[in-house]
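Below: one structure, written as structure tokens.
The values are calculated or read from the model by the stated rules, or taken from the named source; none is laboratory data. Treat the numbers as computed from the prediction; the structure is a model and nothing was measured. Here the Cβ is made from the backbone with ideal geometry for all residues, glycine too, and neighbour counts use every protein chain on show.
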Amino acid sequence: MFKGKFIDNLPKIYGTYTGGFLVFIILMAIAEQAGMTAKTIGILFVAFTVCIYAFIGWMSRTVQVDAYYVAGRSVPTVFNGMATAADWMSGASFVAMAGGIYFGGYTYMAFLIGWTGGYILVSSLLAPYLRKFGCYTVPDFIGTRYGGNLARFCAVVVLTLASFTYVTAQINATGTIAARALAIPFELGVWVGLVSILLCSMLGGMRAVTWTQVAQYIVLIIAYLLPIFWISNKGGYGFFPHLMLGEEVARLGELEAQFGLVKNAAADVKAAGVPGGLKSISLPHSEVPAGGMAAWKFISLVICMMVGTASLPHILMRYFTTPSVKAARKSVAWSLFFIALLYTSAPMLATLSKLSLMDPNLATGIIGKDISAVMSIDWVQAWTAQKQAFIADFNGDGVLQLNEWFMRGDVVVLSTPEVAGLPYVISGLVAAGGMAAAMSTADGLILAIANALSHDVYYKIIDPKADVRKRLLVARGLLIVIGAAGAYIASMRITSILGAVAWAFDFAMSGLFFPLVLGVWWKRATRQGAIAGMITGLASGTAYLIYVYPKFMGNPAWLGIDHLRFGIIGASVCLVVMVVVSLMTPAPDSSTQKMIDEVRIPTGKTILGKQH
Amino acid sequence: MSNKEKHWEKTKGNMFLTLALWFFFGYIIFMFGESLNSASFLGYPLAYYMCAQGSIVAFVIILFWSANRQEKIDEECGFAERGEDD
């Protein structure tokens with residue numbers, strides 16, 4: 001059922017699915033009018049979508065190695081683009097990005113540039129060549145190009161460290177959303193989230209993850225764009241917000257000048273009892289901060305996120321699934337197209353929600369109004385009760401100032417429909433979208449780790465004689481173990497200690513970027529060079545992180561390279577060491593040289609066989 | 001020069017050109033963000049606009065353009081894949 005014909009029918013199948021989902025939204029809207037409670041709608045939205053993903057996961061079950069690891073290399077470009085977009089856009093992108101822009105303005109938007117521009121590196125330096133190579137996993141490429149188990153093993157270590165840093169945050173996000181939508185405790189929500197994630201990936205590996213990710217992309221993009229267009233039209237800001245919010249951005253500048261951007265002293269915030277993680281607006285929305293250092297901080301963050309993007313294995317492995325080298329290249333372009341739909345909308349959402357809170361001329365505005373009046377608004381009460389928002393009257397004048405309104409970043413996306421007075425069905429939709437975003441990324445990451453451990457460590461290093469049945473059994477077992485480890489850590493709520501999602505990018509770029517790129521582009525790169533590069537790159541990056549992170553040693557950042565940017569140190573060390581050691585050791589033998597020549601042209605057989 | 005070498009020279013050329021454009025939209029313009037913001041586009045301050053949409057759209061266009069260019073190079077040198085189209 002999932003062969004040949006299925007691929008030809010994809011547009012029809014997903015077209016029907018999208019139509020069905022829209023019908024479901026309309027049905028929920030009707031049910032809301034008929035008096036269904038907000039809680040039931042929330043539960044139905046999350047349960048309905050998760051059941052569909054599980055169904056797709058079950059339908060895609062497989063017992064073939066190449067279907068399990070690379071979806072049989074038959075995923076068409078456009079669909080692989082959608083799957084990559086879902087793989088890429090995490091729960092953090094979905095719920096936290098608009099919030100980040102809301103608080104950080106232009107400064108935060110360096111993430112937008114970094115998380116999109118990296119795809120140009122993927123397309124021009126890596127994806128087509130890795131596809132030609134025919135590997136199952138990223139360490140598979142390192143292991144074959146450089147030869148030897150040590151190189152392979154080092155790549156597995158970097159991959160696991162980077163992906164695991166990322167995955168706990170995703171399981172955490174699924175837990176938060178599941179807990180809120182299903183009205184269960186967070187600790188239970190985490191495990192419900194994990195079961196949903198495993199249902200999508202366990203039976204069918206990459207094939208199942210691919211087809212669920214496409215379905216998840218459709219849900220998340222509808223859930224993100226619909227409220228933005230609705231609010232923009234309802235509020236009379238323009239029917240196409242992306243092109244028509246110029247005046248609103250300018251108005252925000254005026255309001256910032258009127259209210260004043262005040263950075264609260266940490267002691268005041270603590271004394272007022274503001275719950276942790278809540279922030280007030282203290283940075284300008286569109287103004288560029290002055291000075292060379294500010295520009296360097298922007299650019300250095302962009303460097304880390306771009307180079308990190310090009311080294312993250314769960315993204316690279318998506319391009320192993322296309323039918324051809326040409327398709328891999330085109331697929332990267334489609335991926336960024338689908339990602340851009342959401343990323344270019346996030347600033348618009350931030351602008352609209354910021355304006356609706358800050359403009360005193362609007363009915364929804366709360367800044368500059370009496371605190372007693374603000375405290376009587378329903379959504380303010382609901383979010384303050386959950387410690388997601390907070391009011392601290394620092395100057396005691398009874399009027400809410402800009403620096404007296406505290407909010408958690410996630411609330412921007414989750415509360416905007418409510419604040420703008422849209423029906424609850426939209427909030428349910430947003431919850432389903434956030435769940436889809438977090439699940440799809442978690443699936444990709446867990447699969448990347450489990451595949452590397454089962455294929456590269458178990459099959460290639462420990463037991464090369466294992467048969468297909470045993471290999472897939474190990475792969476599935478590892479999927480459960482890694483997922484459970486991630487969920488366990490997430491349920492202990494220590495993610496604040498584990499640090500930012502940005503760390504995953506820094507770890508990946510420290511250890512993997514140059515060994516991957518030079519493996520294709522520099523024939524002289526040797527095994528010893530690659531191993532030394534991976535080890536010193538990762539070690540120096542990690543050491544610098546420990547040196548600079550406030551919760552560890554907390555030393556002052558060197559040249560503005562703080563804990564979000566430690567990959568710059570790691571990758572530079574990796575490059576220098578790799579080049580020096582490669583030049584000191586004998587050049588790779590002629591068969592390796594020939595292999596690299598083959599990788600560089602799109603035609604001919606892949607380097608590794610179809611089943612290996 | 002063999003066909004393979006010619007192909008690789010052209011592929012490298014395409015890569016460097018693509019990365020030059022990438023560097024312009026990803027880095028150069030943000031080095032001058034402060035002065036750029038005094039200009040405006042569609043009513044948005046220019047640096048803000050490039051950050052929110054301009055550069056991202058440029059990246060998408062660069063990717064499609066560069067992929068098409070590389071396909072032409074493959075075709076010219078006789079390395080285009082046949083029969084396995086998407």
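Among the residues that make up the range A:552-561, is at least one of them under 21 Å from residue A:304 (Cα atoms), crowded, with 20+ Cβ neighbours inside 10 Å, out of contact with any Pro (no Cβ under 9 Å at 6 or more places or on another chain) and assigned by TED's automatic domain parsing to the domain that holds residue A:145? Checking the range A:552-561: not a single residue is under 21 Å from residue A:304 (Cα atoms), crowded, with 20+ Cβ neighbours inside 10 Å, out of contact with any Pro (no Cβ under 9 Å at 6 or more places or on another chain) and assigned by TED's automatic domain parsing to the domain that holds residue A:145. Listed by position, the helices (runs of 4 or more DSSP H) contained in the range A:1-107 that have at least 2 residues being over 30 Å from residue A:262 (Cα atoms) are A:5-8, A:10-33, A:38-59, A:65-70, A:77-88. Here the condition is being under 14 Å from the mean Cα position of the chain (by Cα) and either at pLDDT 90 or above or assigned to a helix (DSSP H, G or I) (or both); of B:30, B:59, it holds for B:59 alone. So, in the range A:399-450, exactly how many residues are of a type in the set (S, T, N, Q), over 18 Å from residue A:386 (Cα atoms) and at pLDDT below 90? Looking only at that region, the number is 2. Mind checking which residues of the range A:50-73 are surrounded by fewer than 21 Cβ atoms within 10 Å (Cβ to Cβ) and of a type in the set (Phe, Trp, Tyr)? The answer is A:55, A:58. Checking each residue in the range A:589-609 for being within 12 Å of another protein chain (Cβ to nearest Cβ), part of a loop (DSSP other than H, G, I, E, B) and in contact with a Gly (Cβ under 7 Å, 6 or more places away or on another chain) picks out only A:606. Being more than 9 Å from chain A (Cβ to nearest Cβ) and either in contact with a Lys or Arg (Cβ under 6 Å, 6 or more places away or on another chain) or touching a residue at least 12 places away in the same chain (Cβ under 8 Å) (or both) is a property that does not hold for residue B:62. With a requirement of 3 or more residues that are under 22 Å from the mean Cα position of the chain (by Cα) and among the acidic types (Asp, Glu), none of the helices (runs of 4 or more DSSP H) lying completely within the range A:481-581 satisfies it.
Just a yes or no: is a residue in the range B:42-53 of a type outside the set (Lys, Arg), in a loop (DSSP other than H, G, I, E, B) and more than 7 Å from chain A (Cβ to nearest Cβ)? No, the range B:42-53 contains no residue that is of a type outside the set (Lys, Arg), in a loop (DSSP other than H, G, I, E, B) and more than 7 Å from chain A (Cβ to nearest Cβ). Exactly one residue out of B:10, B:4 is out of contact with any strand residue (DSSP E or B) (no Cβ under 7 Å at 6 or more places or on another chain), modelled with pLDDT of 90 or more and among the basic types (Lys, Arg), and it is B:10.
Return yes or no: is residue A:144 crowded, with 24+ Cβ neighbours inside 10 Å, out of contact with any strand residue (DSSP E or B) (no Cβ under 9 Å at 6 or more places or on another chain) and among the hydroxyl-bearing types (Ser, Thr, Tyr)?
Here the answer is no, as residue A:144 does not meet what is asked.
Among the residues here, residue B:23 qualifies as farther than 21 Å from residue A:338 by Cα, aromatic (Phe, Trp, Tyr) and in a helix (DSSP H, G or I). Are any of the residues in the range A:336-349 closer than 30 Å to residue A:604 by Cα and within 13 Å of chain B (Cβ to nearest Cβ)? So far as the range A:336-349 goes, yes, one or more of its residues are closer than 30 Å to residue A:604 by Cα and within 13 Å of chain B (Cβ to nearest Cβ).
Residue by residue, here is whether (1) facing chain A (nearest Cβ under 7 Å); (2) under 17 Å from residue A:598 (Cα atoms) holds:
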{"site": "B:2", "(1), (2)": "no, yes"}
{"site": "B:8", "(1), (2)": "yes, yes"}
{"site": "B:15", "(1), (2)": "yes, no"}
{"site": "B:25", "(1), (2)": "no, no"}
{"site": "B:28", "(1), (2)": "no, no"}
{"site": "B:39", "(1), (2)": "no, no"}
{"site": "B:81", "(1), (2)": "yes, yes"}
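Just one of the listed residues (A:392, A:382, A:438, A:431) is farther than 26 Å from residue A:161 by Cβ, out of contact with any strand residue (DSSP E or B) (no Cβ under 6 Å at 6 or more places or on another chain), assigned by TED's automatic domain parsing to the domain that holds residue A:321 and aliphatic (A, V, I, L, M), and it is A:431. A count restricted to the range A:315-333 and to residues that are more than 7 Å from every other protein chain (Cβ to nearest Cβ) and farther than 18 Å from residue A:125 by Cβ stands at 1. Scanning the range A:245-274 for residues that are away from chain B (no Cβ under 13 Å), in a loop (DSSP other than H, G, I, E, B) and either in contact with a Lys or Arg (Cβ under 8 Å, 6 or more places away or on another chain) or not polar (S, T, N, Q) (or both) gives A:260, A:261, A:262, A:263, A:265, A:272, A:273, A:274.
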